[in-house]
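Asker: Here it is: the structure, laid out below.
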Amino acid sequence: FTVVHCYSIGSYYPTAAFSIPCWLVSLAAFVKSTMRSQATARRVVRTLTTRNLDWTAPVFKGDAEVASQVTQFRSWVAAAEIMAEKYSSPPAPIDFASAKESVDDKALIESLEKIYNSSTPPPETHEWAAEDRSSKDAQIEEAKARLAFTQEMIADTEREIAFMEANRTTRETSATELAEVYPDIAEEIEDEIDRREWFKDTVAK
């Protein structure tokens with residue numbers, strides 16, 4: 001806000017004479033500053049919306065924490081789009097002419113108009129906190145590691161399924177063929193026979 005300018009004028013003029021124009025100038029200066037920050041938000045939203053992300057992809061649903069973060073992010077994007085649409089056009093200019101008609105001191109309004117026209121508030125800048133960025137980078141690396149492990153498990157499972165389909169047992173499958181396909185089970189059976197554990201895997205009724 002540029003209320004400080006109004007205060008400096010107030011030391012020479014009665015408060016009642018410029019309260020409304022001062023409010024208008026302060027609001028307009030705030031809108032100017034806000035519009036600059038809104039422009040940045042609009043650029044971010046446009047970049048996101050043009051990527052055509054598939055929010056239904058399994059990568060966004062594989063972890064409860066990731067799914068929660070994705071939901072929050074999508075809500076933020078939707079809110080940003082609404083704000084971008086709302087502030088897509090600049091605000092209407094202040095009607096200083098009408099303000100001059102509501103006060104006796106026309107020179108005061110002219111001074112406030114000059115202050116408004118010459119006011120160039122610096123744009124708001126927002127930086128990503130280093131600590132938060134480091135935390136997010138760590139989460140990304142952890143997600144990559146989990147993804148690599150999951151892909152490895154998928155490949156192993158596919159190979160196991162292919163092996164079992166190629167060696168499917170039937171009524172004609174012999175014990176020797178089963179031992180060749182499942183050597184670990186055959187070894188366990190031989191150990192049980194050697195130890196005479198005839199009823200190890202049976203269930204008593």
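Asker: Select from the range 164-180 the residues that are of a type in the set (A, V, I, L, M) and more than 22 Å from residue 191 (Cβ to Cβ) and write down the one among them that is surrounded by the most Cβ atoms within 10 Å (Cβ to Cβ).
Answerer: Top of the filtered list is 164.
Asker: Among helices (runs of 4 or more DSSP H) lying entirely in the range 84-197, which contain 3 or more residues that are among the acidic types (Asp, Glu)? Full working, then the answer.
Answerer: Values: elements: 96-101, 106-118, 130-166, 175-181, 183-194.
So the answer is 130-166, 183-194.
Asker: Can I ask one more? Any residue in the range 170-179 that is small (Gly, Ala, Ser) and under 30 Å from residue 63 (Cα atoms)?
Answerer: Step one: of the range 170-179, the residues small (Gly, Ala, Ser) are 174-175, 179.
In the following step, the residues that additionally are under 30 Å from residue 63 (Cα atoms) were identified as none.
Looking through the range 170-179, none of the residues is small (Gly, Ala, Ser) and under 30 Å from residue 63 (Cα atoms).
Asker: Could you check the range 54-72 and list, in sequence order, the residues that are outside any loop (DSSP other than H, G, I, E, B), under 14 Å from residue 143 (Cβ atoms) and not charged (D, E, K, R)?
Answerer: Once the filter is applied, which keeps residues that are outside any loop (DSSP other than H, G, I, E, B), under 14 Å from residue 143 (Cβ atoms) and not charged (D, E, K, R), the range 54-72 yields 58, 59, 60, 64, 66, 67, 68, 69, 70.
Asker: Might you check whether a residue that is closer than 30 Å to residue 69 by Cα and among the charged types (D, E, K, R) occurs anywhere in the range 148-155?
Answerer: Among the residues of the range 148-155, at least one is closer than 30 Å to residue 69 by Cα and among the charged types (D, E, K, R), which makes the answer yes.
Asker: Okay, next question. Can you tell me which residue is farthest from the chain's Cα centre (by Cα) among those in the range 181-192 that are hydrophobic (A, V, I, L, M, F, W, C) and open to solvent by less than 80 Å² (accessible area, probe 1.4 Å)?
Answerer: 186
Asker: Could we say that residue 104 is open to solvent by 80 Å² or more (accessible area, probe 1.4 Å), free of Cβ contacts under 8 Å to residues at least 12 places away in the same chain and of a type outside the set (S, T, N, Q) here?
Answerer: Details: open to solvent by 80 Å² or more (accessible area, probe 1.4 Å): yes; free of Cβ contacts under 8 Å to residues at least 12 places away in the same chain: no; of a type outside the set (S, T, N, Q): yes.
For residue 104, the condition - open to solvent by 80 Å² or more (accessible area, probe 1.4 Å), free of Cβ contacts under 8 Å to residues at least 12 places away in the same chain and of a type outside the set (S, T, N, Q) - is not met.
Asker: Hey, can you tell me all the residues within the range 84-102 that are of a type in the set (Lys, Arg) and in contact with a helix residue (DSSP H, G or I) (Cβ under 6 Å, 6 or more places away or on another chain)?
Answerer: 100
Asker: For the range 193-205, which residues satisfy the criterion of being among the acidic types (Asp, Glu) and either open to solvent by 90 Å² or more (accessible area, probe 1.4 Å) or touching a residue at least 24 places away in the same chain (Cβ under 8 Å) (or both)? Even if it seems obvious, please write down each step before you answer.
Answerer: Step one: of the range 193-205, the residues among the acidic types (Asp, Glu) are 194, 197, 201.
Matches in the range 193-205: 194, 201.
Asker: Here's something else I'd like to know. Could you please tell me which pairs satisfy a Cβ distance under 9 Å, a separation of 6+ or placement on different chains, a first residue in the range 119-131 that is in contact (Cβ under 8 Å) with a residue 24 or more places away in the chain, and a second residue that is part of a loop (DSSP other than H, G, I, E, B)?
Answerer: As it stands, the answer is 119/2; 121/1; 121/2, since those pairs meet every condition given.
Asker: Here's a follow-up. Would you check if residue 111 is open to solvent by 60 Å² or more (accessible area, probe 1.4 Å) and not hydrophobic (A, V, I, L, M, F, W, C)?
Answerer: No; evaluated as a whole, the condition is false for this residue.
Asker: Tally the residues that are closer than 21 Å to residue 119 by Cα and of a type in the set (Gly, Ala, Ser), restricting the search to the range 79-99.
Answerer: 5
The values are calculated or read from the model by the stated rules, or taken from the named source; none is laboratory data. These figures come from a predicted structure and were not determined experimentally. Cβ: placed from backbone, ideal geometry, glycine included. Neighbour counts: every protein chain shown. Accessible surface is based on the protein model in full, side chains and every heavy atom, while ligands, DNA and RNA are left aside. Shrake-Rupley method; radii C 1.70, N 1.55, O 1.52, S 1.80 Å.
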